[in-house]
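Contents: one structure, followed by commentary.
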Amino acid sequence: MLVVPVLLACIYKHQEETYIMGCSTITPPVLLPDKDAVAETLFHQNCASCHNPIKDATGPAMAGILDGREAGFLYCFLVKRKTLGSDKLIRKRVYQWGLDCQQFNNLTKEDVARLEGFIRRKSASY
C-alpha cells in the first residue's frame, strides 16, 4: 500500500453546503469492514449508552445521523472536535438536546472508520 504523506482537511457536505475543517491526517480515513464484529463492540462500548440505533434516547438515534456527511466526518467529530469550528448542524443538535456528545480521544482512526461503516450500514438497513 502506497502512503503519501499529505496534510488533508476534513471536507464534508451538508445540504448543498461544503465545509472544510482543519482535521489533519496523514492518510485519508477509509471505511473498514466490521466482519469480525469489532465495530458493533466499539458501538456498544462507546455509543450505545446515549444512542439507540433506531430511536432517540439520551442522544439522537444513530440511523441517518451521518446522512449528508462525507467519510471521515465522524473521526473529526469524535476525536478532533475543535477542528469542526462552528458547524451549524452540530450547534442545532446541541441546542435541541441540551448537551453535546463527549469526545473520544482514545479511539484510533481505524476504530472510528469501523464505527462509521457500522453506523452507515445500519442506517441503510432501516
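Modelled label positions at Lys55 and Leu99, each set 7 Å beyond Cα in the direction of Cβ, lie 1.9 nm from each other.
Extension gain for Glu110-Arg91 works out to 4.2 nm (0.36 nm per residue, less the C-alpha to C-alpha distance). Using the beta-carbon distance between Glu40 and Lys82 and R0 = 22 Å, what value does 1/(1 + (r/R0)^6) give for FRET efficiency, to the nearest 0.05? Efficiency at R0 = 22 Å is approximately 0.15.
Computed from the coordinates by the stated procedures, all read-outs in this text should not be read as laboratory data. Just so it is clear, the model here is predicted, and its values are computed rather than measured. Heads up, the Cβs are rebuilt from the backbone with ideal geometry, glycines too, and the neighbour counts pull from every protein chain shown.
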